[in-house]
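Colleague: Structure incoming, see below.
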Amino acid sequence: AQRVTQPEKLLSVFKGAPVELKCNYSYSGSPELFWYVQYSRQRLQLLLRHISRESIKGFTADLNKGETSFHLKKPFAQEEDSAMYYCALLDSNYQLIWGAGTKLIIKP
Amino acid sequence: EPEVTQTPSHQVTQMGQEVILRCVPISNHLYFYWYRQILGQKVEFLVSFYNNEISEKSEIFDDRFSVERPDGSNFTLKIRSTKLEDSAMYFCASRQGLGSYEQYFGPGTRLTVT
C-alpha cells in the first residue's frame, strides 16, 4: 500500500538548533517525494522536491531508498521556519499522497 | 506571479443543501485537482481533472460530488446533499503538465456543514 508517515505531530526546537522532520514512505515503484510547507494563514507551497536536490531556505532532504525515508533537515532553525510541514509522495497517476504533517515551532 | 484563487474563503451551509466551491487555476495549467483536509487530519486527494474529464477520483469522491470546468477559467467542485462529515478545508491545485510535477495550491475554502 502507498503511504507516507510523519511520526511527529509536533516538533519544538530552539532558534539556532538543528531541525529534522521525519518522513517515511511505502511505495512499490520509484518514488517522487516532496516537502510542502504551510505558514500561518498562507497556502500550501512546495518547499523541496527530491529530484531537484536543491536547498531551499536552508532546508535539504535526501531520499534514502534503503530506509524508505525522506527526512527534512536544517542545521540552524530560524523563527520564521515555524509552520506546518507536509511530506508527500507522487504516485503513478500524479496524485499526491500526503503525510499527516508536522507542526514545527521554533522557540526564541 | 500567477496564483490559484478560490472562492469563497468560508462557506457555511445546512445539512442536505448543495454547495459549489470555485477555483480559478493558473491560466496555462492543464491539470486540476481537489483535495480536502478535515480539521486535525491529513490532506486527502479527491479528484483530478484533465482535458475536460475526470482522470482519477478517490473513494471520498462519491456520487454527491461533481467537478466541472464550465468556462476557460473556473474549476468548480459541487457537493450535493451535504453531510456533517463534509465539513473540511477544500484545496484546489493546478499543474502545468508537460513534464512539470509541481502542483500549485489555492488558499482553500473552509466548508462548515451545520
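Colleague: Among what's in region B:1-13 and is within 14 Å of another protein chain (Cβ to nearest Cβ) and of a type outside the set (S, T, N, Q), pick the residue that is surrounded by the most Cβ atoms within 10 Å (Cβ to Cβ).
Modeller: Here the answer is B:4.
Colleague: Looking at (1) among the hydrophobic types (A, V, I, L, M, F, W, C); (2) within 20 Å of residue B:37 (Cβ to Cβ); (3) surrounded by fewer than 19 Cβ atoms within 10 Å (Cβ to Cβ), which one does residue A:98 not meet, given that it meets all the others?
Modeller: (3)
Colleague: While we're here: Which one is surrounded by the most Cβ atoms within 10 Å (Cβ to Cβ), of the residues in region A:51-88 that are within 11 Å of chain B (Cβ to nearest Cβ) and part of a strand (DSSP E or B)?
Modeller: That would be A:87.
Colleague: So which strands (runs of 3 or more DSSP E) stay within region B:14-65 end to end and still have 1 or more residues that are polar (S, T, N, Q), surrounded by fewer than 16 Cβ atoms within 10 Å (Cβ to Cβ) and within 14 Å of another protein chain (Cβ to nearest Cβ)?
Modeller: In region B:14-65, B:53-57 are the strands (runs of 3 or more DSSP E) which contain 1 or more residues that are polar (S, T, N, Q), surrounded by fewer than 16 Cβ atoms within 10 Å (Cβ to Cβ) and within 14 Å of another protein chain (Cβ to nearest Cβ).
Colleague: Mind checking whether some residue in region B:87-106 is assigned to a loop (DSSP other than H, G, I, E, B) and closer than 18 Å to residue A:44 by Cβ?
Modeller: Yes, that holds for at least one residue.
Colleague: Given the residues A:21, A:89, A:48, which is the only one that is modelled with pLDDT of 95 or more and aliphatic (A, V, I, L, M)?
Modeller: Step by step, each of A:21, A:89, A:48 is checked, and only A:21 is modelled with pLDDT of 95 or more and aliphatic (A, V, I, L, M).
Every residue, every condition in (1) modelled with pLDDT of 90 or more; (2) more than 24 Å from residue A:103 (Cβ to Cβ); (3) within 14 Å of the chain's Cα centre (by Cα), yes or no:
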site: B:15; (1), (2), (3): yes, yes, no
site: B:29; (1), (2), (3): yes, yes, no
site: B:32; (1), (2), (3): yes, yes, yes
site: B:69; (1), (2), (3): yes, yes, yes
site: B:74; (1), (2), (3): yes, yes, yes
site: B:81; (1), (2), (3): yes, yes, no
site: B:87; (1), (2), (3): yes, no, yes
site: B:91; (1), (2), (3): yes, no, yes
site: B:102; (1), (2), (3): no, no, no
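The values are calculated or read from the model by the stated rules, or taken from the named source; none is laboratory data. For clarity, every value in this text was computed on a predicted model and none was experimentally measured. FYI the Cβ positions are ideal-geometry reconstructions off the backbone, even for glycines, and counts take in every protein chain you see.
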